[in-house]
Every structure is written in structure tokens, then in C-alpha cells.
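Report on one structure; see the data block that follows.
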Amino acid sequence: MAQKTDSALLIVGHGSTVNPDSSAPTLAHAEEIRRQNIFADVQCAFWKEEPSLRDARFLFDPRAIHEVCVVPNFISEGYFTQTVIPRELELNGKVTRRSDGQTWFYAEPVGNHPLMTDLLVQRAREIAPTIPESATSLLIVAHGTDMNENSAVAAKREAEKIRALGRYANVLNVYMEEFPMVSDWRVLTSTPNVVVVPFFISDGLHSYEDIPVLLGIGDQVSPAASRKGSDVFRRVPYRIDDRALFYASSIGTDPRVADIIVEQAAAVGGGE
């Protein structure tokens, strides 16, 4: 993407009042995009942290910034991308022309980008680089439940796309709170190797504690290791019933998500 001196990027994340790691990937991606010097300004805003979405309306001086591209750092379309973000940012569609002369472009969430499939496959290879894929099951884990239906659909879509590549013995979309459940992985798979990749934007209690318990490796992860977070992912493979279980960190922590954010911005029109 060519540099635009009058264009800004706003990356929107959920944030959390209890999990300081929730906003970390969004902030890291923003810093990387700033380093690339594509936009005149790159800022982040959050639903549950500062700066808030409502404050984000005033982050960019209309005298210098004429275009603002908003990219939701979310896995899928849903309540936040379709209702909360447009309401809080006063967006009225893909393109919003404001009275101060600014034009705001609203992009699709990062999880909708086709490159997400490549990132999931690459993350699986990175966590288990030496094992044969033909003897490996790959599990894409989402939250599930009716409260988060679209993320479950997104996980199913990605599993289908990876399955079509014909690389792994088995590729499944599994969930924390609906069927097929990640806790049933030993029944759902029969391969000697299993790779688990959480389809989340950031790491937190789900990836540090909840999913390890559901996988049956919770007793192999000390409370101190859970608090450190990344130690949970470094202690691979886990050995269960003579099988090797490889557990990766959430896909949204991949540094290459920064490239997806830039591409989503370009696709909607901002920064072209």
C-alpha cells in the first residue's frame, strides 16, 4: 500500500478490565504498522479499555487527517462489529462523510480475511514443525454458545478450508461450550499427534487456563505457569495416553495479523 500523508488507521479491539493481555496484540500490531510508515497516524480504541470508542471520534485532527480507516480486530462479524462499533463511532455504513470534512471507511474484521487460513496452518506448523501432518489432527478452537454464534461459524469455515488442502489427517472445529467440544478431543481424533490452535484474538484466561483444563493438560500446567501465560504454550508436546498434544497460542497474537489489518484497510478504500 502506498503511503498517504492525510490518511489515518484506527484499529478497534474489545479490551478487558480484568485481562491486561487482551489489548496487547492490538497494540503490538499498531506499533508494527506505525513502523511501516503507511499511514500518517495509527491509533487503537477499545470497548473495555482506554482510549474508548467514543473518544476515538476525536483522535484525528480533521485539518491534517482527511481519511480514517477503521479495522475491527475481531475474529468474526457479530454484535460488536455490526452494532457497537458503528454506534459508538457514529458510522452509517462502509463510508461515512462527516461535517468536519473527514471521510471514515469501515473495514471487515481481521478474521474474515483469506490470509487467516494461511496463518492458522503456519501456526500449526510452527508449534509442531517436525511431526508428519499425515499422522496429525488439527483442532481449531472457538468459544461457541448462542452468545457468540458467528465465531463458531468462522471456526467451522476455517476448518473446512484447511481440510480442503488435504494436508492433515483430520481437521476439526471444536468449541469450549458447544458440540463438538474440545474436551472430547480424545474421542474425536485417533491420530498419534494432535495440534490445537485457539481461534481467538488474544490470549487470556481461556487460553491460559480454561482450554488446558478442557484438554486434560491443566494438571501439567502449574498456577505460576498459567499466570505467566506463554509458558503454557512452550511446554509442548504434552503426553496423554501415548499421544502427543501440541498447544499453540491464540492466532490473533501472530505478528502477521498486522499485514491483514493493512490489507483490510486497503480493501475498504482507506489508504489506497
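For the reader, a short list of remarks on this structure follows.
- Residues satisfying the stated conditions in segment 181-191, i.e. open to solvent by less than 70 Å² (accessible area, probe 1.4 Å) and either outside any helix (DSSP H, G or I) or of a type in the set (Asp, Glu) (or both): 181, 184, 189, 191
- Among the residues making up segment 17-65, those that are closer than 21 Å to residue 90 by Cβ, of a type in the set (A, V, I, L, M) and surrounded by 15 or more Cβ atoms within 10 Å (Cβ to Cβ) are 42, 45, 53, 56, 59, 65.
- Residue in segment 71-78 that is aliphatic (A, V, I, L, M), in contact (Cβ under 8 Å) with a residue 60 or more places away in the chain and assigned to a strand (DSSP E or B) present: yes
- Among the residues of segment 132-180, the one identified as loosely packed, with under 15 Cβ neighbours inside 10 Å, of a type in the set (Asp, Glu) and at pLDDT 95 or above is 160.
- For residue 77, the test of being over 27 Å from residue 150 (Cβ atoms) and either exposed (fewer than 15 other Cβ atoms within 10 Å of the Cβ) or not aliphatic (A, V, I, L, M) (or both) is failed.
- Tally of residues being in a loop (DSSP other than H, G, I, E, B), acidic (Asp, Glu) and touching a Ser or Thr at 6+ places or on another chain (Cβ under 9 Å) across segment 18-55: 2
- Hits in segment 236-272 (condition: in a loop (DSSP other than H, G, I, E, B), within 22 Å of residue 217 (Cα to Cα), open to solvent by 30 Å² or more (accessible area, probe 1.4 Å) and touching a strand residue (DSSP E or B) at 6+ places or on another chain (Cβ under 9 Å)): 236, 237
- The single condition from (1) more than 30 Å from residue 141 (Cα to Cα); (2) in a loop (DSSP other than H, G, I, E, B); (3) open to solvent by less than 60 Å² (accessible area, probe 1.4 Å) that residue 68 fails is (2).
- Residue 214 assigned to a strand (DSSP E or B), at pLDDT 95 or above and either touching a helix residue (DSSP H, G or I) at 6+ places or on another chain (Cβ under 7 Å) or among the aliphatic types (A, V, I, L, M) (or both): no
- Any hit, segment 89-99, residues being of a type in the set (A, V, I, L, M) and part of a loop (DSSP other than H, G, I, E, B): yes
- Residues that are touching a residue at least 60 places away in the same chain (Cβ under 8 Å) and under 20 Å from the mean Cα position of the chain (by Cα) were ranked within segment 81-108; the one that is surrounded by the most Cβ atoms within 10 Å (Cβ to Cβ) is 107.
- Selection count where residues are closer than 17 Å to residue 137 by Cα and in a helix (DSSP H, G or I), scope segment 148-179: 11
- Checking 186, 163 one by one, the residue that is touching a strand residue (DSSP E or B) at 6+ places or on another chain (Cβ under 6 Å) and of a type in the set (Lys, Arg) is 163 and no other.
The values are calculated or read from the model by the stated rules, or taken from the named source; none is laboratory data. Note that the structure is a prediction, hence the values are computed from the model and not measured. So basically every Cβ, Gly included, is an ideal-geometry build from the backbone, and we count neighbours across all protein chains shown. With ligands, DNA and RNA removed, areas are computed over all heavy atoms of the protein, side chains included. Shrake-Rupley method; radii C 1.70, N 1.55, O 1.52, S 1.80 Å.
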